[in-house]
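Take a look at the structure set out below.
The values are calculated or read from the model by the stated rules, or taken from the named source; none is laboratory data. If you're wondering where the values come from, they're calculated on a predicted model, not measured in any experiment. So basically every Cβ, Gly included, is an ideal-geometry build from the backbone, and we count neighbours across all protein chains shown.
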Amino acid sequence: LNGAPALREAFQDAFNIGAAVSTGILSSQDSFIAKQFNSITAENEMKPVEVQPLEGSYNFAAADQIFAFAQANDLAVRGHTLLWHNQTGDWMFRNSAGAPCTRQQLLSRLQHHIDTVAGRYRGQVYAWDVVNEAIEDKSDLYLRDTKWLQIIGEDFIRHAFEMTHQADPDALLFYNDYNETNPVKREKIYRLVSDLLDQNVPVHGIGMQAHWNIYGPSIEEIRQAIERYASLGVKLHITELDLSMFQFDDRRTDLTAPTENMLKLQEQRYEEIFSLLLEHRNVIDSVTFWGVADNYTWLDDFPVRGRKNWPFLFDEQMEPKEAFRRVIDLTETE
Ligand code: G3I
């Protein structure tokens with residue numbers, strides 16, 4: 001890094017800087033992660049199906065490995081995630097006969113899951129993504145039509161937050177979602193959190209996943225979302241930042257390296273985004289990338305399987321890209 005400060009040092013007066021990690025990544029990049037970041041999120045290891053694959057049989061081996069790494073390196077941990085319609089065991093929603101379980105059965109399963117998982121890591125998680133992606137992303141429905149909604153009803157979200165607060169009173173509790181700057185979805189997220197606050201539900205923040213790309217969303221759109229959510233008086237975390245080199249509907253597969261123009265756009269966008277985040281440091285107190293370096297990203301399987309995306313500040317050899325310097329330079333002029 002020839003003299004450049006690490007990300008965690010550069011941003012220490014603004015917000016903590018995190019990365020999504022997996023036990024696989026830790027085996028090869030642990031010291032690099034500990035040097036650059038001061039917060040981590042388990043990419044998959046703490047999701048419902050991973051920790052409770054079958055009713056009552058919990059498997060914390062992988063999650064415990066991630067916590068051990070965090071403790072050994074004095075890293076903060078964001079818990080991800082307690083309630084999601086994805087990566088949750090099918091058993092959760094069914095009774096022993098295979099039919100949909102009752103409302104009461106699902107609520108007690110939710111209670112047991114949260115008590116066990118949030119209870120195990122009580123005091124070790126500074127922020128939980130209590131509920132992930134409950135807002136409908138495509139149609140004009142308000143809430144996504146999941147089994148959580150169908151079986152329990154709209155107040156499944158309130159229950160999840162109240163149960164988590166009981167299990168870990170000191171953790172900050174977040175609602176986490178993507179496409180969070182889209183004006184229509186933004187207003188649904190705003191309405192959800194506003195209603196929870198009106199019911200005195202312990203929700204402390206909104207997680208903006210920030211799965212963006214080098215062409216959008218516009219800085220103005222991001223600013224409007226930050227300011228709209230901040231008007232609720234909650235904290236904001238950027239929870240899953242990556243800047244793909246491709247528009248979502250761009251399925252090209254001919255590139256084996258980013259073009260000069262793509263890199264220039266990415267440098268520019270990272271500089272503009274971090275400048276905006278620094279401007280809102282009073283309400284944003286955590287910024288997490290959904291990965292570490294371009295050698296591994298979930299985007300290389302989505303939306304086009306096996307295509308490189310080069311979304312981060314560090315390249316495939318974990319060397320800083322020009323985008324890294326542009327972002328670091330922002331703090332040196334602070
Ligand atoms: O664990 C199984 C393994 O047993 C099996 O052999 C293997 C092959 O099929 O699959 C493994 O599960 C994979 C899992 O990651 C763990 O590696 C799933 O197939 C794969 O779909 C899953 O992808 C994860 C995705 O969430 C699932 O929706 C990505 O790694 C992860 O980056 C991504 O993260 C989500 C956030 O949690 C929420 N926000 C969106 C973000 C991107 O989708």
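Among (1) surrounded by fewer than 17 Cβ atoms within 10 Å (Cβ to Cβ); (2) more than 16 Å from the ligand (Cβ to nearest atom), where does residue 274 come up short?
Checking residue 274 against (1) surrounded by fewer than 17 Cβ atoms within 10 Å (Cβ to Cβ); (2) more than 16 Å from the ligand (Cβ to nearest atom), the one that fails is (1).
Tell me, please, whether a residue that is in contact with a helix residue (DSSP H, G or I) (Cβ under 6 Å, 6 or more places away or on another chain), modelled with pLDDT of 95 or more and surrounded by 21 or more Cβ atoms within 10 Å (Cβ to Cβ) can be found in the range 188-202.
No, the range 188-202 contains no residue that is in contact with a helix residue (DSSP H, G or I) (Cβ under 6 Å, 6 or more places away or on another chain), modelled with pLDDT of 95 or more and surrounded by 21 or more Cβ atoms within 10 Å (Cβ to Cβ).
Residues of the range 254-285 being within 19 Å of residue 227 (Cβ to Cβ) and in contact with a helix residue (DSSP H, G or I) (Cβ under 9 Å, 6 or more places away or on another chain), which ones?
Step one: list which residues in the range 254-285 are within 19 Å of residue 227 (Cβ to Cβ), which gives 272-285.
Correct list: 272, 273, 274, 275, 276, 277, 278, 279, 280, 282, 283, 284.
Check the range 220-227 and report whether any residue there is among the small types (Gly, Ala, Ser) and either surrounded by 14 or more Cβ atoms within 10 Å (Cβ to Cβ) or at pLDDT 95 or above (or both).
Yes, the range 220-227 contains a residue that is among the small types (Gly, Ala, Ser) and either surrounded by 14 or more Cβ atoms within 10 Å (Cβ to Cβ) or at pLDDT 95 or above (or both).
Need a quick list: helices (runs of 4 or more DSSP H) entirely within the range 80-183 having at least 1 residues that are touching a strand residue (DSSP E or B) at 6+ places or on another chain (Cβ under 6 Å), surrounded by fewer than 20 Cβ atoms within 10 Å (Cβ to Cβ) and modelled with pLDDT of 95 or more.
Filter on the range 80-183 gives 147-152.
When only residues in the range 1-47 that are touching a Ser or Thr at 6+ places or on another chain (Cβ under 9 Å), within 11 Å of the ligand (Cβ to nearest atom) and not hydrophobic (A, V, I, L, M, F, W, C) count, which is farthest from residue 62 (Cα to Cα)?
Only one residue tops the list, namely 41.
Could you give every pair whose Cβ atoms fall below 7 Å, whose first residue belongs to the range 215-227 and is over 16 Å from residue 244 (Cβ atoms), and whose second residue is surrounded by 13 or more Cβ atoms within 10 Å (Cβ to Cβ) and of a type in the set (S, T, N, Q), counting only separations of at least 6 or pairs across chains?
221/181; 225/181
I'm told residue 312 meets every condition in (1) out of contact with any Lys or Arg (no Cβ under 6 Å at 6 or more places or on another chain); (2) assigned to a helix (DSSP H, G or I); (3) under 19 Å from residue 15 (Cβ atoms) except one. Can you identify the failing condition by its number?
Exception for residue 312: condition (2).
Residue by residue through the range 255-307, note down the ones that are in a loop (DSSP other than H, G, I, E, B) and under 14 Å from residue 212 (Cα atoms).
290, 291, 297, 302, 303
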